[in-house]
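Trainee: Structure incoming, see below.
Here, each number is a calculation from the coordinates, and none is a lab measurement. The model shown is predicted, which means the values in this text are computed figures rather than measured ones. A quick note on method: Cβ atoms are made from the backbone with ideal geometry, for glycine too, and the neighbour counts reach across all protein chains shown.
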Amino acid sequence: MFEIILLTVAFIGSTIAAVIDLKTTEIPDEIPYVMAGIAIVAYGIKSYLVWSYLPILQSCIAGLSFLGFGFLMYFLGQWGGGDAKILSAIGFLLPDLSSSLKHQTFLPFSLSYFFDVFFIGAIYMIIYAIVISIINKKIWSVFLNDLRANSKMILLFNALMILSLSLLTFVANRYYTFIPLKGMIRFEIALFFTAIGFLLLWKFVKTVEEVGFKKRIPVSKLREGDVLLDSKIWEGITKEDVIKIKKSGKKYVRIKEGVRFAPAFPLALLFNVFLGGGISLLISLI
């Protein structure tokens, strides 16, 4: 019951953060602070009742480890500070739920969830990019023009892939184990289309980033929370910054947007709790 309550707090808190992030691109600091505060109080009480420092220690290790990783992503310009804090708060709340879940892995819940944030996050980002491309039709025209302009490079990549796969199959047959012809063909086709798929996906996401997420706007439309294009960290400007820029005499500024990543946190929770998570899925496929 104790862990279910904290799981509920984690889900509700991350869901509220996701909704606000989608609406405003900003996550209020109060949300992760309240989540982490509830976790520390709860595990502090549990440590006192069981007369062991382990519950509060596990909570702090998971929360602070997630915080460190989250801020690494922040300083690399990949996440906002709010994303880092929400991930940390969930780490404080849910260091381990293995005793409460039907789906269990050899890892603590926090590490299993950490994997799922990126597993579900990758799927979410692809869907997000597709939705942006539907809204902004220019993305598809730029993407198709880019493919035409780089058709020779893509054909060369295809030729190298076929050559590499043929060489790989030859070496496997010659020195390791015999692969039946049908199995060899299926294997090569699967690898070939997987590689081509990743190449096209990478080019598509880069096009969405360049066309859909980077804008040149009049200074009069600049608002608090916008991220300037030359900003190395993902941090929105303040009201004071907006006033300074407007007083500088500039007529236009370039800003950047990004995938609003916060919805990946509650989605990853649902995926892990109800479907067992990505690690369990991978183990079942082996």
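Trainee: Given the pairs 138/250; 23/152; 215/239; 152/232; 85/239; 85/250, which are separated by over 31 angstrom at their Cα positions? Working shown, then result.
Mentor: On the way: 138/250 27 Å; 23/152 42 Å; 215/239 20 Å; 152/232 34 Å; 85/239 22 Å; 85/250 34 Å.
Pairs exceeding the cut-off: 23/152; 152/232; 85/250.
Trainee: Given the Cα-Cα distance of residue 159 and residue 216 and 0.36 nm per residue of separation, how much length would full extension add, in nm? All intermediate terms of the calculation are to be shown ahead of the outcome.
Mentor: Details: separation 57, 0.36 × 57 = 20.52 nm, distance 3.96 nm.
Result for the pair: 16.6 nm of gain on full extension.
Trainee: Turning to a different aspect of this structure: Among rounded, prolate and oblate, which fits region 27-90 when a ≥ b ≥ c are the square roots of the eigenvalues of its C-alpha gyration tensor, a/c under 1.5 means rounded, and a/b larger than b/c means prolate?
Mentor: Details: a/c = 5.67, a/b = 2.04, b/c = 2.78.
The shape class here is oblate.
Trainee: Quick check: residue separation of residue 146 and residue 245 times 0.36 nm, minus the Cα distance between them. What number comes out in nm?
Mentor: Numbers: separation 99, 0.36 × 99 = 35.64 nm, distance 3.47 nm.
Length difference between fully extended and current span is 32.2 nm.
Trainee: Using 0.36 nm per residue of separation minus the Cα-Cα distance, give me the extension gain between residue 46 and residue 130 in nm, one decimal. If you can, show how the numbers build up before the last one.
Mentor: Working: separation 84, 0.36 × 84 = 30.24 nm, distance 4.53 nm.
Going from the current span to full extension adds 25.7 nm.
Trainee: How about residue 206: which aspartates and glutamates have a C-alpha closer than 17 Å to its C-alpha, ignoring those fewer than 8 places off in the same chain?
Mentor: Output for residue 206: 146, 257.
Trainee: Continuing with this model, one more query. When you count, for each residue, the other Cβ atoms within 10 Å and take the mean per peptide, how do 88-95, 260-267, 126-133 rank with the highest first?
Mentor: 88-95, 260-267, 126-133
Trainee: Once you list every other residue whose beta carbon is under 15 Å from the beta carbon of residue 13, what net charge do they have if Lys and Arg are +1 and Asp and Glu are -1? Can you show the working numbers first?
Mentor: Numbers: positive: 85; negative: 21, 29, 30, 83.
Its environment carries a net charge of -3.
Trainee: Once label points are set 7 Å from the Cα along Cα→Cβ at both residue 228 and residue 61, what is their separation, rounded to one decimal in nm?
Mentor: If labels sit at residue 228 and residue 61, their model points lie 4.3 nm apart.
Trainee: Give the shape of region 214-256 as rounded, prolate or oblate, defined through the alpha-carbon gyration tensor: a ≥ b ≥ c are the square roots of its eigenvalues, a/c under 1.5 means rounded, and otherwise the shape is prolate if a/b is larger than b/c and oblate if not. Before the final figure, lay out each step's value.
Mentor: Working: a/c = 1.83, a/b = 1.23, b/c = 1.49.
It is oblate, given that a/c is not under 1.5 and a/b is not larger than b/c.
Trainee: How high is the relative contact order of region 18-99, in percent, counting Cα pairs under 8 Å that sit 6 or more residues apart? Working shown, then result.
Mentor: Details: 95 pairs, mean separation 29.4, N = 82.
This gives 36 percent for region 18-99.
Trainee: Here is a follow-up. How do the peptides 9-17, 146-154 rank, highest first, by the average count of neighbouring beta carbon atoms within 10 Å per residue? Walk me through the intermediate numbers first.
Mentor: On the way: 9-17: 20.3, 146-154: 11.7.
Most protected by this proxy first, the peptides run 9-17, 146-154.
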